[in-house]
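This report refers to the structure that appears directly beneath it.
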Amino acid sequence: MVLPALERGGYQYKKQVVIGKRLGGHSQKVDVLAWRVESEQIPISLKWQQTSGTAEQKVPFEILCLADAVHKSRGRFNKAYLVLGGSGWTLREFYVSGQIREYLKDCEVVEIVSLETFVATANQSEL
């Protein structure tokens, strides 16, 4: 769903791209790096939760790592997306509503959205 939506929106993309170092020093790889203009790239991390489990607990760290990548990119990235798909999320509304931002500092550059919202936004070339 994500890649066809990007194509319909006129975006080019690469899959599984290392964008730098993650907090803690390991390589940070995003699922998709998209752009319409090469100088304005958008890192996209996709998280799927079919049944309740640990992916939900990893979301705050992923937000921090994406925000850090944007801040350290020297203008390469203006924002990043964390896309939450699947029906197993118990905290999805907490994340996509922005309530988590109360607890995280300097992470406004990360858009946390449902899969459906991301697809609609990408289809309309509005990332």
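Name the residue, out of Val96, Val59, that is hydrophobic (A, V, I, L, M, F, W, C) and farther than 20 Å from Glu126 by Cβ. Every option except Val59 fails the conditions. Among the residues of segment 5-20, not a single one is polar (S, T, N, Q), surrounded by 16 or more Cβ atoms within 10 Å (Cβ to Cβ) and closer than 21 Å to Leu127 by Cα.
When restricted to residues that are surrounded by 19 or more Cβ atoms within 10 Å (Cβ to Cβ) and closer than 22 Å to Ile19 by Cα, segment 78-97 contains 5. Would you confirm whether any residue within segment 70-81 is of a type in the set (Gly, Ala, Ser), touching a strand residue (DSSP E or B) at 6+ places or on another chain (Cβ under 7 Å) and farther than 22 Å from Gln124 by Cα? Scanning segment 70-81, I find no residue that is of a type in the set (Gly, Ala, Ser), touching a strand residue (DSSP E or B) at 6+ places or on another chain (Cβ under 7 Å) and farther than 22 Å from Gln124 by Cα, so the answer is no. State yes or no: is Tyr103 among the aromatic types (Phe, Trp, Tyr), touching a residue at least 12 places away in the same chain (Cβ under 8 Å) and closer than 23 Å to Leu3 by Cα? It is false that Tyr103 is among the aromatic types (Phe, Trp, Tyr), touching a residue at least 12 places away in the same chain (Cβ under 8 Å) and closer than 23 Å to Leu3 by Cα.
Which members of segment 103-124 meet the condition of being charged (D, E, K, R) and either in contact with a helix residue (DSSP H, G or I) (Cβ under 8 Å, 6 or more places away or on another chain) or closer than 25 Å to Lys21 by Cα (or both)? Lys105, Asp106, Glu108, Glu111, listed by residue number. Just so you know, in segment 21-30 the residues that are surrounded by 12 or more Cβ atoms within 10 Å (Cβ to Cβ) and of a type outside the set (D, E, K, R) include one that is modelled with the lowest pLDDT, and it is Leu23. Looking only at segment 98-107, residues that are surrounded by fewer than 13 Cβ atoms within 10 Å (Cβ to Cβ) and either within 12 Å of the chain's Cα centre (by Cα) or within 15 Å of Asp68 (Cβ to Cβ) (or both) come to 2 in all. Considering segment 56-77, the residues that are free of Cβ contacts under 8 Å to residues at least 24 places away in the same chain and within 18 Å of Val113 (Cα to Cα) include one that is surrounded by the fewest Cβ atoms within 10 Å (Cβ to Cβ), namely Gln57.
Among residues of segment 36-55 being hydrophobic (A, V, I, L, M, F, W, C) and in contact with a Lys or Arg (Cβ under 9 Å, 6 or more places away or on another chain), the one that is surrounded by the most Cβ atoms within 10 Å (Cβ to Cβ) is Ile42. You will find that of Val110, Val119, the residue that is surrounded by 17 or more Cβ atoms within 10 Å (Cβ to Cβ) and out of contact with any strand residue (DSSP E or B) (no Cβ under 6 Å at 6 or more places or on another chain) is Val119 and no other.
The values are calculated or read from the model by the stated rules, or taken from the named source; none is laboratory data. Predicted model, so just to flag it, every value in this text is computed and none were measured. Virtual Cβ from ideal backbone geometry, glycine too; neighbours counted across all protein chains shown.
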